[in-house]
Amino acid sequence: MTPKVSAFFDEATNTITYVVQDPEGRACAIIDSVLDFDYPSGHTDTRSADAVIAFVRENGLEVAWILETHVHADHLSAAPYLQERLGGKIGIGENITVVQNTFGKVFNEGTRFQRDGSQFDRLFKEGDSLMIGQLRADVLHTPGHTPACLTYVIGDAAFVGDTLFMPDFGTARCDFPGGSADTMFDSVQKILSLPETTRIFVGHDYKAPGRDEYAWETTVGAQKALNVHVGAGRSREDFVSMRQTRDATLAMPRLIIPSLQVNMRAGQMPEPEDDGVSYLKVPLNKL
């Protein structure tokens, strides 16, 4: 089946949120939502999520799933806000527990922070499937950027999160805790083993040098031939060396500290303190 895919681009974080529709019904899934966040003021805003909500309601859609490809380090998830207003179950990869254990220590979370993935409605593993109306989605475990990264293959479309970018931009960094360039190479090969006509929808776009417009849809065939990091049969050794050298030059994402604390909780804020306010921590010299 060929799902209908609608994209919502958030220029502040270069993130694309997708609404994926059953072409023969009203069911849909929302992938990688965004909660707007102004770091200097600590204020959140829902304008990006509200645009998705308006689209869903205007088209008479029913949300079956709110899916995360991984625990994002560059934007906050709006999953709970969307679920409250539209319904649906929140899902992520089962290795969320690895991420929760890692960053539970980084942020010195106490025992009240559960590290079993129970904040999510469903934890997926390799080979799992889910239904969006009559549309089947299959789950590929594609770690490397993070231990919990998934690719959702929905009909003739694959939603790869941060594993692959557009062919002229390459692949995602692998230097976060639990990341691995060697593992990333294997995950990319898994994606590239899909049929060449499979549509690939990426999680971010940054307009590679020489390109004037943002883009987020390509194909397996185009990635195999043209991806500047893994295309044209590049070897594992060359890729790992390139990725590790490049990652060593990259600064931490601007929103990594708030994003990780919120997203490892399925988009929920830390539990309010005795004044009724939620607080985010800034660990010194740990990232």
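Derivation of every value follows stated rules applied to the coordinates shown; laboratory data play no part. It should be emphasised that the depicted structure is a prediction, and the values quoted were computed from it without experimental measurement. Cβ atoms come from the backbone with ideal geometry, glycine included; neighbour counts cover every protein chain shown.
Given the options MET131, MET269, MET242, state which has the largest fluctuation in a GNM of the chain using a 10 Å cut-off (strictly under) for Cα springs.
MET242
With both partners inside the stretch 58-180, how many of the DSSP beta bridges are antiparallel, as a percent to the nearest 5? Don't skip to the answer; put the middle values down first.
Working: 13 of 19 bridges.
Beta bridges within the stretch 58-180, antiparallel portion: roughly 70 percent.
Let me check I've understood the local charge: for TYR279, count other residues with C-beta under 12 angstrom from its C-beta, Lys and Arg +1, Asp and Glu -1. What total comes out?
-3
Grab the Cα-Cα distance for LYS281 and PHE55, subtract it from 0.36 nm times how many residues apart they are, and report the gain in nm with one decimal.
77.9 nm
I'd like the distance separating the alpha-carbon centroids of the stretch 262-276 and the stretch 57-111, in whole Å.
Their Cα centres are 13 Å away from one another.
Please report how far the C-alpha centroid of the stretch 181-247 lies from that of the stretch 152-170, rounded to the nearest whole angstrom.
The stretch 181-247 and the stretch 152-170 have Cα centres spaced 8 Å from each other.
222 nm [θ] for the chain, helices only, -39500 (n - 2.57) per DSSP H run of 4+, per residue, to 500?
Estimated from H runs of four or more residues: -7000 deg cm²/dmol.
Gaussian network model of the chain, Cα springs within a sub-10 Å range: biggest mean-square fluctuation belongs to which of THR197, THR97, THR146?
Evaluated over the chain, the most mobile residue of the options is THR197.
Highest first, please rank the peptides 149-156, 178-185, 244-251 by the mean number of other Cβ atoms sitting within 10 Å of their residues.
Highest to lowest by the protection proxy: 149-156, 178-185, 244-251.
Too long at a 21 Å Cα-Cα cut-off: which of LYS105/LYS281; LYS207/LYS281; LYS125/LYS190?
The answer is LYS207/LYS281.
Given a cut-off of under 8 Å on Cα pairs at least six residues apart, what relative contact order in percent is computed for the stretch 4-263?
17
Straight-line reach only, C-alpha to C-alpha below 12 angstrom: list the aspartates and glutamates that LYS4 could link to, leaving out same-chain residues fewer than 8 apart.
Leaving aside aspartates and glutamates fewer than 8 places away in the same chain, those within reach of LYS4 are ASP22, GLU24, ASP156.
By its C-alpha gyration tensor, with a ≥ b ≥ c as the square roots of the eigenvalues, how is the stretch 172-287 shaped: rounded for a/c under 1.5, else prolate for a/b larger than b/c, else oblate?
On the way: a/c = 2.34, a/b = 1.88, b/c = 1.24.
Prolate, because a/c is 1.5 or more and a/b exceeds b/c.
Determine the sum of side-chain charges near PHE124: Lys and Arg each +1, Asp and Glu each -1, restricted to other residues whose C-beta is under 13 angstrom from that of PHE124. Show your work: numbers first, answer last.
Numbers: positive: LYS89, ARG122, LYS125; negative: GLU68, GLU94, ASP121, GLU126, ASP128, ASP138.
Every neighbour counted, the sum reads -3.
Looking at the square roots a ≥ b ≥ c of the eigenvalues of the Cα gyration tensor of the stretch 4-263, which shape do they give, rounded for a/c under 1.5, prolate if a/b is larger than b/c, or oblate?
Rounded, because the longest to shortest axis ratio a/c is under 1.5.
Between THR198 and residues 5 or more places away or on another chain, which pairs have amide H atoms under 5 Å apart, with H built 1.01 Å from N, and which residues are they?
The list, which skips near neighbours in sequence, is VAL220, GLY221.
Is the shape of the stretch 1-93 best called rounded, prolate or oblate, per the rule: a/c under 1.5 gives rounded, else a/b larger than b/c gives prolate, else oblate, with a ≥ b ≥ c the square roots of the Cα gyration tensor eigenvalues?
Verdict is prolate for the stretch 1-93.
Full-extension gain between LYS89 and HIS43, please, as 0.36 nm times their residue separation minus the C-alpha to C-alpha distance.
On the way: separation 46, 0.36 × 46 = 16.56 nm, distance 2.62 nm.
Value of the extension gain: 13.9 nm.
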